[in-house]
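Everything on this sheet refers to the single structure shown next.
All of the numbers you see were taken from the coordinates with simple rules; none came from a lab. Just so we're clear, the structure is a prediction, and the values are computed from it rather than from any experiment. Backbone-built Cβ (ideal geometry, glycine too); neighbour counts: all protein chains shown.
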Amino acid sequence: MKAAVKTLDAQSAGEMELSDAIFGLEPRKDLIHRMVRYQLLKRMAGTHHAQDRSEVTVTGKKMYKQKGTGNARHGDKSVPQWRGGGKVFGPKPRSHAIDLPKKVRALALKHALSSKAKSETLVVIDKCEIKDAKTKELKSRFAKLGFGSVLIIDGAQVPEAFARAARNLPNVDVLPVAGINVYDILRHEKLVLTKAAVEALEARFK
């Protein structure tokens, strides 16, 4: 499939051939869902912790004598039925990460890219380079291109001036091609790839 290539000034820069094996698939929601779930679970800190009855700070003294009070028998106040007592089966620090085969992760990325291409929210630009790191200048260029919520993927390294100019723009993320991921692709309205990024992706999945 062919895609029109634009410049940051919204001018035409010719066309580029996109691989059908990466950008021309019929998107599978199940694969994309599995990958998003994998990413979100993996990034969870898992530092939640509730104290059980062995960890709470209460007296260990018997509350009252065993017999003769007319009340139920109790030992110390660390039991869960008392205020300030320990939590029964409360959350403990753990990893929420799940396993997902490497081939499935790679396939999910292809389907995410194909979904953007199919919905015509994939834009190819020649390069993302600007002379000065001016956010105002970059914002005006994005307005010409119709970019609002956008993920921009460059080659192996993002030019420093472009990254500095884009970091203050809301709903704009800029990543090198090594950082491309399904979740970020889906949570932005448009996906912008440079020619270097397209070539790197095709070499990666070759």
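Which of the aspartates and glutamates could a cross-linker bridge to K77, judged by Cα under 19 Å and excluding same-chain residues fewer than eight apart? Candidates past the 8-residue exclusion: D52, E55. In loop segments of the range 99-139 as defined by DSSP, the GluC sites (Glu not before Pro) with at most 14 further C-beta atoms inside 10 Å of their C-beta are E120, E129. Legend: ranking of residues H48, H111 from fewest to most surrounding C-beta atoms inside 10 Å; resulting order H48, H111.
May I ask you to work out the translational diffusion coefficient for the chain at 25 °C, viscosity 0.890 mPa s, via Stokes-Einstein with Rh from the Kirkwood sum over Cα pairs, reported in whole µm²/s? If you can, show how the numbers build up before the last one.
Working: Rh = 20.8 Å.
Once the numbers are plugged in, D ends up at 118 µm²/s.
Distances between placed amide hydrogens fall under 5 Å for V5 paired with A13, G14, E15, M16, all partners being 5 or more residues away or on another chain. Where only DSSP H runs of four or more residues are counted, the chain gives -10000 deg cm²/dmol as its mean residue ellipticity at 222 nm, each run worth -39500 (n - 2.57).
If Lys and Arg each add +1 and Asp and Glu each add -1, what is the summed charge of the other residues whose beta carbon sits under 13 Å from the beta carbon of D154? It works out to a net charge of -3.
Its Cα centre serving as origin, the range 123-172 has a Cβ charge dipole (Lys and Arg +1, Asp and Glu -1) of approximately 240 debye. Farthest towards the positive end of the charge dipole of the chain, among the residues L151, N168, A45, is the Cα of A45, using unit charges on the Cβ of Lys, Arg, Asp and Glu.
Computed from Cα atoms, the angle from the helix 195-204 axis to the main principal axis of the chain rounds to 60 degrees.
Selection among A117, H74, G86 by position relative to the dipole of the range 1-125 gives H74 as farthest towards the positive end (Cβ unit charges, Cα centre). Only one residue of A106, H33, V56 has its Cα farthest out toward the positive end of the dipole of the range 1-137, where Lys and Arg carry +1 and Asp and Glu -1 on Cβ, and that residue is V56. Structural descriptor for the range 26-83: relative contact order 28 percent, calculated from alpha carbon pairs under 8 angstrom and at least 6 residues apart.
What is the helix-to-structure angle for 102-118, meaning the angle in degrees between its Cα long axis and the longest Cα principal axis of the chain, kept from 0 to 90 and rounded to the nearest 10? The two axes meet at around 50 degrees. Listing T194, T57, T7 from fewest to most neighbouring C-beta atoms within 10 Å gives T57, T7, T194. Of the chymotrypsin sites (Phe, Trp or Tyr not before Pro) in the range 152-206, the ones in a loop by DSSP (not H, G, I, E or B) with at most 15 other beta carbons within 10 Å are F205.
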